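The values are calculated or read from the model by the stated rules, or taken from the named source; none is laboratory data. These numbers come from a predicted model, not from an experiment. Every residue, glycine among them, receives a Cβ derived from its backbone with ideal geometry; neighbour counts consider all protein chains shown.
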Amino acid sequence: MVEFQAWNFMYPGTWVIFIIIGVPVYTAILGWFLGKPRDMEKALMALTYLIGFIVSMWVGLYFLTVAIGIVFPPAM
Amino acid sequence: MSSRTPNTDDIVRPMQSTAKWYYVVFGAASILALVWFGLWSIQLSRGLAVTNLADWGSAGGVTWGLYIGAFIWWVGIAHGGIILSAAVRLFGMKRYLPVARLAELLTIGALSMAGFYIVIHVGRPDRIVTSVVQAYPVTVHQSPLVWDVTVITMYMVMTLTYLGLTIRYDLARLRDDLPNILEPVYKVATIGYSEAEDEVIERIVWWLALGVIVMAPLLLHGGVIPWLFALLPSMPGWQGAIQGPQFLTIALTSAIAGVIILALALRRAYDWHHILTDDVIRGLTLWLGLFSLLFLWLQLQQVITGVYAAPLDQRSFAAAKVTNPYYQFAIGVVLLSLAYIFAQAVKAHLFSPMRSLAASLLVLAGTLTEKILFVFEGLEYPTFDMYYNTPGHYFPSPIEIGSLVGTIALCTLFFLVIVKVVPVIELHAIEELRGEGHSHVEGDD
C-alpha cells in the first residue's frame, strides 16, 4: 500500500492556506505593483487599506470581547 | 420599464430626505435587535446550556446546530455581492452595474452576521481572542476551523478594500450633495484623491476582482467551509468531495436571492424603478434559476448514491435525510421557485417583481433549512453512534431561533444606516444608464 502523509514534509494548513489559498491575494497584490498602469503610490495605498482593515477588524474584536468579558465575567 | 432618465439626484436622495417608512422600519428592526441582545445576554450569563446543543438524552447530543447552519447561510448570502460586482468588472456584465454596490454592501453586512454567529457559538466571546488568536501561529497549520477564520478574514478585507477604493470616485464627485455632518468621514475616505488616479484605481480594483472571483467561490464557500465538515472521517453525512460544489451552489443560490430582495426593497423605497429596472431583476431571477437547478441536481446526486446501495452508515444518514419533513420542505420550496423561474423564462408575461421576490424568499427559507439540517443531522448519524441508547432529536431552543431574527434585524439596520452614509448605487451606473459610459468595465453583455 502506498501511503501519502501530506504532513511529513509540511503541515497541511501550511501549504493549503499559505501556498494554495493565498494565491488570489498574492496575485492581486503583485498585479497592483507590477501591472500597468503602474503607480507605486496608489498600490501602496491599496495595500494600506488591506492591512488597515485586517488590523482594525481584529483589534476591534479584541476590545469588544474584553468589554463583553467585563460585563459578563467568567464563572470561577 | 420607466422612461425617466437616471441622474445623480436619484442616488443621493436617500441621504437628503427621510420618509416615514424609514423610521418605522428602523424602530421595528431596533426593537428586534434589542430583544435578541436580551436573549444573548441570557446565554452569556448562563452559558450554552440555554441552547439545545450537546443535549444528549433528549436532543441527539449534537454540538453544532442552528448557529453553525445560520453561519454557513450568512456566508452564502455574502457571496452574491462581491462576486456579482467582480463579474461586472471582469466580464463586462454592465447590465448588473446598478446592483453592484448594493451587492458589495450585502457581502459586508452578511459576512458580519456570519462572523457574529461564530462569536455567539463559542459561548464566551473572549474565547475568540484568548483561544483563536493566541493559538493562531500553531493551529493554522492543522486546524480547518482556523483556515476558515483566515479565509473569511481575507474575504472580508478584500471586499472592504474593494469598496473603499471604488467609492472614492463617487464621494469626490458627489461631496457637495452629501450630508455635511459626515464631512470628516468623506475626507478620510477620499484622502489624496485626484481625477488622475481613476485609471490606476480601476486597474487595482480589477486585480482585486480577479482575486475575489477565484477566492470566494472556489476556495472559501467551495473550499474551507465545506472542509470544516468533509474532512471529518466519522460523519457519513458530511463526507465526500461533493460537499464543495454543493456548498457553492447553495451559497450562490442564497446570494442571488439576497440581492434580488435587497434590490426590490430599495427600488420601492426610493422609487428607483428606472435604475433597478425589471430587466435587471429578471436577469437576476434567471441566475437564481440556474443556481437553484444546480443545487437540486447535487442534492439528487447525494440522495441517489445514499439510498441505493451505499455503505450502511451512509444509507442510514440518507434515509433520515429524505424522510425528514424539514428536508422535504427545503427541497419543495426550491423546486417551487424553480418552476416559477422556468415558467417566466418560457412565457415572459409570467414574470413579475413580486413573484421574483416571493421566489427569493422561498429559496432563502429553503437554503437555511437545508444548511441547519446538514449540520445537525450529520452529527446525529455518525458512523459509530455513541448515543444509540439515548435517542433524541435536536431542535433549536427559543434563544437559538431568536438569533435568526436578531441577525436579520441587525443586517437590516446596517442597510438603513449605510443608505444614509454613502451612495448605494454607483455613480458609474448612472453614467452608464445615461449613455456616458466609461471604460472601467470591458466588453458588453
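Entry remark, segment B:148-201: residues being closer than 16 Å to B:MET15 by Cβ and of a type in the set (A, V, I, L, M) number 9 in total.
May I ask you to verify whether B:PHE351 is farther than 25 Å from B:PHE37 by Cα, out of contact with any Leu (no Cβ under 6 Å at 6 or more places or on another chain), aromatic (Phe, Trp, Tyr) and at pLDDT 95 or above? Taking the combined requirement at face value, the residue satisfies it. Would you confirm whether or not segment B:338-347 contains a residue that is assigned to a helix (DSSP H, G or I), within 30 Å of B:THR63 (Cβ to Cβ) and of a type in the set (Gly, Ala, Ser)? No: zero hits.
Those helices (runs of 4 or more DSSP H) of chain A in which 3 or more residues are modelled with pLDDT of 95 or more and farther than 21 Å from B:ILE225 by Cα occupy A:23-34, A:40-71.
Taking the criterion of being aliphatic (A, V, I, L, M) and touching a His at 6+ places or on another chain (Cβ under 9 Å), the residues of segment B:89-110 that qualify are B:LEU97, B:ALA100, B:ALA110. Looking across segment A:41-76, the residues that are farther than 30 Å from B:ASP198 by Cα and surrounded by 12 or more Cβ atoms within 10 Å (Cβ to Cβ) come down to A:TRP58, A:LEU61, A:TYR62, A:LEU64, A:THR65, A:VAL66, A:ALA67, A:ILE68, A:GLY69, A:PHE72. Residues that are within 30 Å of B:ARG46 (Cα to Cα) and within 8 Å of another protein chain (Cβ to nearest Cβ) occur in segment A:53-60; there is at least one.
Among the basic types (Lys, Arg), part of a helix (DSSP H, G or I) and either facing chain A (nearest Cβ under 10 Å) or farther than 19 Å from B:LEU427 by Cα (or both) - does that describe any residue in segment B:177-188? No: segment B:177-188 contains no residue that is among the basic types (Lys, Arg), part of a helix (DSSP H, G or I) and either facing chain A (nearest Cβ under 10 Å) or farther than 19 Å from B:LEU427 by Cα (or both).
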